[in-house]
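This report concerns only the one structure given below.
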Amino acid sequence: MGKLLAKPLARWGDPFVKADGTIVPPDRINGGVDMTLPKMEYKDYKPSKKRTLKDLPAPVPTLNGIACVFMYTTLGLGDREIADTLRITAKQLKELRDHPAYAECFEAVTNEFININSDMINARIAAYSHDALTEIASIALAGKEERNRLRGSTYLMNAGGYGDKKNAAVAARNDLRIVIIGKGDQEVKIDGV
């Protein structure tokens, strides 16, 4: 009897592959935009805040050590390997991590990643908006239930600025709302049912 070859299970986001090996592209809502996540290319990265050497939180030699310790830590190296690689003692490694500039650098890096992620989320929401609006309009115009047609119509009127301000809150109480606050703030509110 022939051997059965074990094939790995598909992971989330993997394309559908037919038995003959052809790849079926992901579905698109109403033939609209591709649903893949936008990706930031490392070559295209630009920091949100420009600095000069005098703006740095510590002297350059200290920051060079902090940068190396931070990067090696982020990559998952243990303290002994980091100390050996940088040719420093465990005490010097601890001093670098305890330095106030280490915390400030950590905060700056995490804020940059939050900013990049926020920009990608905004791009993804914008990519879905045309298809979502088309779907709401089709429900408003041809929905099977009257209450769904009314909710779709009310949403479209409110989104266009023509709805009744008092009734808008009542009509939208079961809707998902995502509010993204300005570029400088990091707060993202999501209200749902």
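The values are calculated or read from the model by the stated rules, or taken from the named source; none is laboratory data. What you see is a predicted model; the values in this text were computed from it and never measured. Cβ atoms come from the backbone with ideal geometry, glycine included; neighbour counts cover every protein chain shown.
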Inter-residue pairs, beta-carbon under 8 Å, first of a type in the set (A, V, I, L, M, F, W, C) and in the stretch 63-77, second not in a helix (DSSP H, G or I), 6+ apart: L63/L56; L63/P57; I66/A58; I66/H99
Within the stretch 27-67, considering residues that are within 30 Å of H130 (Cα to Cα) and β-branched (V, I, T), the one modelled with the highest pLDDT: T36
